[in-house]
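Some notes on the structure that comes next.
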Amino acid sequence: MTSIAIVSIQFGLQMLNGQSQQRAQGQLAWYYLLGEIESKEYHFSLTQVNKSSVELKQAAGKLKGRRFILAGYKEQLILTTFKGGYLPVMRQVVRFQFREEHHHLRIMVTTKQGQQFSALTSVEVPHEKS
């Protein structure tokens, strides 16, 4: 009887440990996504936004002026260009939404583990020069 209880406790602890690791991985992926989008290396500005994709324009660096798209693809968020290729920036995504809020990009994501993330990023709509 004691051995059954010990095995049950061990199994329960393993499951909790696995869930904790998945939650931590989701948080790391979220901060990686924000790090890429808000990177000073790219200094993205927001050129177009809808619920399912965002068009970004690089304002600094070697690729200044190049346009990128942040969108969903096969349960992940990817950063791609009009010339092809892509960089997965967050995996295990079941729902996401983008919107412009106070002239900045808001990103909302729900993962397969049920974690919900939302951030008002530093990516902004460029000011019109008069």
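The values are calculated or read from the model by the stated rules, or taken from the named source; none is laboratory data. Computed from a predicted structure; not experimentally measured. In this analysis, Cβ positions are derived from the backbone assuming ideal geometry, glycine residues included, and neighbour counts consider all displayed protein chains.
In the stretch 80-88, the count of residues that are hydroxyl-bearing (Ser, Thr, Tyr), assigned to a strand (DSSP E or B) and farther than 20 Å from LEU46 by Cβ is zero. A single entry from VAL125, VAL93, VAL89 fulfils the requirement of being modelled with pLDDT of 95 or more and either surrounded by 12 or more Cβ atoms within 10 Å (Cβ to Cβ) or more than 16 Å from TYR31 (Cβ to Cβ) (or both): VAL93. Name the residue that is nearest to MET108 (Cα to Cα), counting only residues in the stretch 10-31 that are surrounded by 14 or more Cβ atoms within 10 Å (Cβ to Cβ) and at pLDDT 80 or above. Looking at the filtered set, the residue picked out is TRP30. For the stretch 69-80, does any single residue satisfy the condition of being among the aromatic types (Phe, Trp, Tyr) and surrounded by 14 or more Cβ atoms within 10 Å (Cβ to Cβ)? No, every residue in the stretch 69-80 fails to be among the aromatic types (Phe, Trp, Tyr) and surrounded by 14 or more Cβ atoms within 10 Å (Cβ to Cβ).
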